[in-house]
Amino acid sequence: MKVALCLVFTACGGRVSVCVLPEHDKVSFLQRRGDPKLVEPYYQKKLQEYQNSSDAKPLPYDGYFEMGCYSDNTPESMILKAGKESKVSPKQCFNFCRDKPLVRFFGLTLGRECYCTPYPTVSGGNGGCTRQCEGDGNFMCGGDSMSSIYEMHRCGDVTEVATKDKQAAEELVSKVRFFAGRADYVVRALTEAGKSVDVSDVRKRVFALAATLEELRSDVMLKVGDVEEKLGPLDTALASFSVDAATAEMMKEVEDAQAELLMFVAAMEDADNKLQTYWTEHSLDSMMAFRSIDSKSLGSAEELAKDLSSDVQFLPPTVKRGLGSEIDSSDFTYIVVGKRNLASLFQVYNKSNPIDGRPTLSSWGHFKKWATKECHQMCMMTPGCVGGNALGARNDGADSASHGDVFAFTCNLKGDVQRVEMSKSGSDDLLVTGFLFGSYYSVHAKDITFNTANVLN
């Protein structure tokens, strides 16, 4: 029985539990818990020695854990009760008891009372603690005749754990900022490309994709700001903490700053998870991997040297003749409109630092060709897809250091194509192109119209 109880009570790697304290320096809680007549004189003797001693007082406790629910018959002379200034909870009671002389345990009862004691004199156990804590309804604070008993421990790792949490928060902020930055490039590229699209249905979809991504990105950055703001108080608390002269107030300052930081870190992680989920659901990279499409090979020098598929900016002979020989594909944009939008996916590419699995592209022209190839290949591997649009831009120069190095686009996959809208080409910084499977047109030619008025006027 003693071994089992020791396992339950042990904390901080077994260094501080009641059952591993030297026998000559304590009255055994396990042996004498039912005999307060033996415990009380010992406590009073030790308390007197403590008060008369000029030795440095022991450091306050820095942690606690629940032992169980018991009937506690500890004499009043061995109990120090907390006042009624605040509603009780395990944490509140711990903060009250952690630096009191010689106490090692605290108890909670009636849902509203807190007390400290060197050794509780208990009987029964593990039933009847049904009163919710007035200060935190997630915990029980004893019952009508029972106490929730906690043992306090001193691990000496307050600043160590807080410092690790702080460093982890800083590293997470850096990662979250990087990912949010990628999202920002996509938002800006889609917004710029969308402005150049005259087809309302296609433009609305591009703007809706950008708006949702921006809403999630903005929420992430708001949470990042909150975390960065909370790093300051923890820095201050850690800087002023003295291990050799720590007080309960010092420990509480670190712990409170640490707890508040972790609360805001959790909120940041939640916002980041939402952004990452949306990103994964609409990421061209994810969908291509699912379809086993090799993105890197599509951007190889060999592939880039080849002409684009004849499906890209496909024109039937009658439309070509109407445009005239002096107009080629670089003179017009090409937007495919279909009854069904099968997918709206996006991708971002950093020319200076491409991620694994991406080709090394040396120019914006290479990116446009690679992006178009990817979108076309994705359509070929998507059931029901017969055409689509690749719409994007290189970054707008907000970050002058990387101007022109980051490209992003959206790939819209279409089914049941009805028409193709063509306009004169605009800025070379934009990617506004599309494709229509020639095999689909050959079967549905009478149902598909090509609007070339904006090219010829």
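The values are calculated or read from the model by the stated rules, or taken from the named source; none is laboratory data. Bear in mind that the values here come from a model prediction, so they are computed numbers and not experimental data. Positions of Cβ are generated from backbone atoms using ideal geometry, with glycine treated the same way; all protein chains shown enter the neighbour counts. Heads up: the accessible areas ignore ligands, DNA and RNA and are worked out on the full protein's heavy atoms, side chains in. Shrake-Rupley method; radii C 1.70, N 1.55, O 1.52, S 1.80 Å.
Checking each residue in region 364-392 for being of a type in the set (Gly, Ala, Ser) and open to solvent by less than 10 Å² (accessible area, probe 1.4 Å) picks out ALA371, GLY387, GLY388, ALA390, GLY392. Of the residues making up region 43-93, those that are within 18 Å of GLU151 (Cβ to Cβ) and modelled with pLDDT under 80 are TYR43, LYS46, PRO58, LEU59.
Tell me, please, whether a residue that is at pLDDT 90 or above, over 34 Å from the mean Cα position of the chain (by Cα) and open to solvent by 40 Å² or more (accessible area, probe 1.4 Å) can be found in region 322-336. No; the residues of region 322-336 include none that is at pLDDT 90 or above, over 34 Å from the mean Cα position of the chain (by Cα) and open to solvent by 40 Å² or more (accessible area, probe 1.4 Å).
Of all residues in region 418-442, those satisfying the criterion of being at pLDDT below 95, among the aliphatic types (A, V, I, L, M) and either surrounded by fewer than 16 Cβ atoms within 10 Å (Cβ to Cβ) or in contact with a Lys or Arg (Cβ under 9 Å, 6 or more places away or on another chain) (or both) are LEU430, LEU431.
Taking the criterion of being assigned to a helix (DSSP H, G or I), open to solvent by 50 Å² or more (accessible area, probe 1.4 Å) and either of a type outside the set (A, V, I, L, M) or over 21 Å from THR410 (Cβ atoms) (or both), the residues of region 265-296 that qualify are ALA266, GLU269, ASP270, ASN273, LYS274, GLN276, THR277, THR280, GLU281, PHE290, LYS296. Regarding region 355-369, can at least one residue be identified that is more than 23 Å from GLY388 (Cα to Cα), among the basic types (Lys, Arg) and part of a loop (DSSP other than H, G, I, E, B)? No, the conditions are met nowhere in region 355-369. Show the residue pairs that are 6+ apart or on different chains and have beta-carbon atoms under 6 Å apart, the first residue being within region 94-109 and at pLDDT 90 or above, the second being of a type in the set (S, T, N, Q). Listed by first residue and then by second, the contacts come to PHE105/THR117; GLY107/SER147; LEU108/SER148; THR109/SER147. Any residue at all in region 197-220 that's closer than 30 Å to TYR115 by Cβ, open to solvent by less than 40 Å² (accessible area, probe 1.4 Å) and in a helix (DSSP H, G or I)? Scanning region 197-220 turns up no residue that is closer than 30 Å to TYR115 by Cβ, open to solvent by less than 40 Å² (accessible area, probe 1.4 Å) and in a helix (DSSP H, G or I).
Can you confirm whether LEU190 is under 32 Å from the mean Cα position of the chain (by Cα), modelled with pLDDT of 95 or more and either within 30 Å of ASP285 (Cα to Cα) or open to solvent by 30 Å² or more (accessible area, probe 1.4 Å) (or both)? No, not satisfied.
Given the criteria over 30 Å from VAL336 (Cα atoms), open to solvent by 40 Å² or more (accessible area, probe 1.4 Å), of a type outside the set (A, V, I, L, M, F, W, C) and in a helix (DSSP H, G or I), does SER174 qualify? So SER174 passes the test. With the condition kept exactly as written, say whether any residue in region 337-347 is out of contact with any His (no Cβ under 7 Å at 6 or more places or on another chain), more than 29 Å from LYS204 (Cβ to Cβ) and open to solvent by 40 Å² or more (accessible area, probe 1.4 Å). No: region 337-347 contains no residue that is out of contact with any His (no Cβ under 7 Å at 6 or more places or on another chain), more than 29 Å from LYS204 (Cβ to Cβ) and open to solvent by 40 Å² or more (accessible area, probe 1.4 Å).
Condition check ((1) under 29 Å from ASP198 (Cα atoms); (2) among the small types (Gly, Ala, Ser)) across all residues:
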{"residue": "LEU308", "(1), (2)": "yes, no"}
{"residue": "VAL319", "(1), (2)": "yes, no"}
{"residue": "GLY322", "(1), (2)": "yes, yes"}
{"residue": "ILE327", "(1), (2)": "yes, no"}
{"residue": "ASP331", "(1), (2)": "yes, no"}
{"residue": "ARG340", "(1), (2)": "yes, no"}
{"residue": "LYS351", "(1), (2)": "no, no"}
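Being open to solvent by less than 20 Å² (accessible area, probe 1.4 Å), of a type in the set (Lys, Arg), within 16 Å of ILE149 (Cα to Cα) and out of contact with any Leu (no Cβ under 9 Å at 6 or more places or on another chain) is a condition met by at least one residue of region 97-106.
Given the criteria over 29 Å from the mean Cα position of the chain (by Cα) and open to solvent by less than 10 Å² (accessible area, probe 1.4 Å), does PHE407 qualify? Considered against the rule, which asks whether it is over 29 Å from the mean Cα position of the chain (by Cα) and open to solvent by less than 10 Å² (accessible area, probe 1.4 Å), PHE407 comes out as no. Only one entry of THR372, THR410 meets the criterion of being assigned to a strand (DSSP E or B) and in contact (Cβ under 8 Å) with a residue 60 or more places away in the chain, and that entry is THR410. The residue that is nearest to PHE65 (Cα to Cα), counting only those in region 115-150 that are in contact with a helix residue (DSSP H, G or I) (Cβ under 6 Å, 6 or more places away or on another chain) and open to solvent by 40 Å² or more (accessible area, probe 1.4 Å), is PHE139.
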